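All remarks here apply to the structure that follows.
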Amino acid sequence: NTQDLQYECILCADKFDKCELDCAFDYQISNVSVVQSCQANCLSNYNKCIDSDIAMACFDCALICSENYDLALRKCLTTIDPATYSTFGNSLSECPILAGYDMDKCMTTCSPQTGITSK
């Protein structure tokens, strides 16, 4: 998915979240003490982690893309009659799909492989 940041673009917070999830899945939630020990290790690693300039540039770029997505989505939704929001068959999914295309296109500029650009 082009909206996922990978490799050099992964932030310390992302690594921490993944680590905590891995603890729960790898050690079974029923073994609480092992999970807690694993998660404490995740926190220790997070506290030592420093985000690279590339990762921060990716994040900043992705933030701009997501803000543009939000604006495009809201603009599209203003064209729909609020009285039909809960009505089946009014193509309400078109707005997020259309905004998602722009988001995908924008996110391709957030990769170090393609050269991170700012909007």
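The values are calculated or read from the model by the stated rules, or taken from the named source; none is laboratory data. Bear in mind the structure is a predicted one, so any value in this text is a computation, not a measurement. Accessible surface areas use protein heavy atoms only, side chains included; no ligands, DNA or RNA. Shrake-Rupley method; radii C 1.70, N 1.55, O 1.52, S 1.80 Å.
Observations, loosely collected:
- Most to least accessible of Phe16, Phe59, Phe25 (protein chains only, probe 1.4 Å): Phe25, Phe59, Phe16
- Solvent-accessible area of Leu21 with every protein chain in place, 1.4 Å probe, in Å² to the nearest 10: 100
- Within the accessible surface of the stretch 16-78, defined with a 1.4 Å probe on protein heavy atoms only, the carbon and sulfur portion equals 59 percent.
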